[in-house]
């Protein structure tokens, strides 16, 4: 009899636990704010809108875009950090904003490995090294020879901000090519950088792939190399830096992160859905247009490990270039 009572008790406890799990509040029950570290038309914005639209359909609630422009993504990051960790605010950001910013500021406003709930890495790719057609070079080694032929710091290059991926990638290139010296011209956005590059106001720059592809295809700019481990599918003739004798395997990426304290179940649902979407052929086609060359599936834990690894490698580049920005 006691054995029967014990079994009934155990089954009851198990059923109560199952009921409690199912009784947890559903998510989402209202719109989700999608903070975007970039302006309209940027690669970050295009990525955010693709996923916001897909998430809205998958989860049955609007995922509403909120562009926060400026300070190489710092304004958007700050907006996320001030948001509650209730699952109703997420940030779509990029490697330079999330990893490089805290490495180069005198007083880091956040720690990328401790102050957020990593959700998922979105894609893997690089940046395009581009020149105005008036620059008399057709590949990376010819550009380096051209830079060497000019007095130190007499040439300039652009990027989409101090400490941006374009800034540090160019500094890494100059370091690896024998500590060449050029003047850095920072812009607020990739779009304004590309506009001035096409106009010849600045003639050399790394650009985000999404912005650079149409300029290269139209002949308005010339693509010399791609950073990262893979070529760009839309520009298959443009070789990587490594293929042209300057080893550089650091990949750029976009990502979704959430405020610290966001329920793990929410993070897990977003992660699984994002990975499912990236594996779908129609989504892959859209992401390829933005400039990704690979779509590594990753758990939040694996993405956290990538952040830690990238922090170490970019820190080495920033220190060698002496890049340090004052905190506002």
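The values are calculated or read from the model by the stated rules, or taken from the named source; none is laboratory data. From a predicted model like this one, the values you see are computed outputs, not experimental measurements. Positions of Cβ are generated from backbone atoms using ideal geometry, with glycine treated the same way; all protein chains shown enter the neighbour counts.
Filtered by the rule that a residue be more than 15 Å from the chain's Cα centre (by Cα) and either over 18 Å from residue 254 (Cβ atoms) or crowded, with 19+ Cβ neighbours inside 10 Å (or both), the stretch 301-312 gives 301, 312.
For the subset of the stretch 127-138 comprising residues that are in contact (Cβ under 8 Å) with a residue 24 or more places away in the chain and exposed (fewer than 15 other Cβ atoms within 10 Å of the Cβ), which member is farthest from the chain's Cα centre (by Cα)? If we take residues in the stretch 127-138 being in contact (Cβ under 8 Å) with a residue 24 or more places away in the chain and exposed (fewer than 15 other Cβ atoms within 10 Å of the Cβ), then 134 is farthest from the chain's Cα centre (by Cα). Looking across 200, 161, one residue alone is on the phi > 0 side of the Ramachandran plot, surrounded by fewer than 22 Cβ atoms within 10 Å (Cβ to Cβ) and not assigned by TED's automatic domain parsing to the domain that holds residue 73. It is 200. Return yes or no: is residue 48 under 19 Å from the mean Cα position of the chain (by Cα) and assigned to a helix (DSSP H, G or I)? Considered against the rule, which asks whether it is under 19 Å from the mean Cα position of the chain (by Cα) and assigned to a helix (DSSP H, G or I), residue 48 comes out as yes.
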